[in-house]
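Each remark here refers to the structure printed beneath this line.
The values are calculated or read from the model by the stated rules, or taken from the named source; none is laboratory data. Predicted, not measured: the structure shown is a model, and the values here were computed from it. Note that each Cβ is placed from the backbone with ideal geometry, even for glycine, and that neighbours are counted across all protein chains shown.
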Amino acid sequence: MSATRGTIFLEQGRVLSQLAGDARQYVLRVAAPRCAAHAEPGSFVHITCDDSIPMRRPLSIMRAHPGEGWIELLYKVVGAGLHALAARTAGDALSVLGPIGQPFRAHPERPRTLLLGGGVGIPPMVFLAERLSMLNRAAGAAAAWKPLVLMGSEVPFPFRTRPSQLILPGMPAGTLACMPLLEEWGVPSRLASCSDFAGCFAGFVTELADHWLASLGSAELAEVEIFACGPTPMLEASAALARRYGVPCQVSLEEFMACAVGGCAGCAVQVRTSAGPAMKRVCVDGPVFDAASVF
């Protein structure tokens, strides 16, 4: 707990907006100034969905605006807690505990950042893409980061897709659908699905990533680092891709959580360390881990 003391805040948040999308997906914007000021790509919050439901729910942060003091969360209704959360409206109070967890760490020596998001694993990728695009804008002509975001979903995406205006070598023919918000930031994106959505790659997002990686030369591969969040099989496939192409990979794990601050150890997973196997808590030791240490 000492590593997180002073960095996790409990505050009374307030719903600013809640937008409903297809397939019972919602984008929730909450006023939570202290959380917004300290949030990093990959961190999450533990929120109270309703006063009648005592257990909090962990949700990844999709965006954070320190200046305006808000965070955005993308979630899909899958149980009673998130069903209750979906009923909250602007002005409602929400107890917010966060930001929690170790974030993604991009390395300047590997500026070709490949961001893979699957389903509800999309939010951290949007957050990381926005952070890298902000660093590029701040650097001006010296901008170095080259993020690419690939997303997969078997239900309609939680945003309106459109054909990309950004040329992206290495993509299969017809793979044109993108996330418009990323495009506005100058970050190229492409979408994958096995559900026959227009403009999407017909297959898994890791298969689309394989196409792109295979198009790169050795010098370009030496600049690549993979970041992934999504279902466990997708993370396993991401780790396998990283091994095949000899590039580093960070993954954000998804686990059921009770306290989410390291006290109960209910979310512990086995991780390989230099001293041998060790049990690590996904909430505060993660959720981001080196893929090779987990898979």
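Of the conditions (1) in the same structural domain as Ala202 (by TED's automatic domain parsing); (2) at negative phi; (3) free of Cβ contacts under 8 Å to residues at least 40 places away in the same chain, Ala84 clears all except one; give me its number.
(1)
Would you mention how many residues in the range 41-79 are polar (S, T, N, Q), assigned to a loop (DSSP other than H, G, I, E, B) and within 20 Å of the chain's Cα centre (by Cα)?
Residues flagged as polar (S, T, N, Q), assigned to a loop (DSSP other than H, G, I, E, B) and within 20 Å of the chain's Cα centre (by Cα) within the range 41-79 amount to 1.
Any chance you could count how many residues in the range 184-202 are part of a strand (DSSP E or B), farther than 15 Å from Phe159 by Cα and touching a strand residue (DSSP E or B) at 6+ places or on another chain (Cβ under 7 Å)?
Of the residues in the range 184-202, 1 are part of a strand (DSSP E or B), farther than 15 Å from Phe159 by Cα and touching a strand residue (DSSP E or B) at 6+ places or on another chain (Cβ under 7 Å).
Which one is surrounded by the most Cβ atoms within 10 Å (Cβ to Cβ), of the residues in the range 135-157 that are in a helix (DSSP H, G or I) and without any contact (Cβ under 8 Å) to a residue 12 or more places away in the chain?
Ranking the candidates gives Leu135 first.
From the list Gln12, Gln18, which one is in a strand (DSSP E or B), exposed (fewer than 15 other Cβ atoms within 10 Å of the Cβ) and at pLDDT 95 or above?
Gln12
What number goes with the only condition from (1) assigned to a helix (DSSP H, G or I); (2) over 23 Å from Met62 (Cα atoms) that Glu236 does not pass?
Just one mismatch for Glu236, condition (2).
For Val224, indicate whether it is modelled with pLDDT under 95 and surrounded by 14 or more Cβ atoms within 10 Å (Cβ to Cβ).
Answer is no for this residue.
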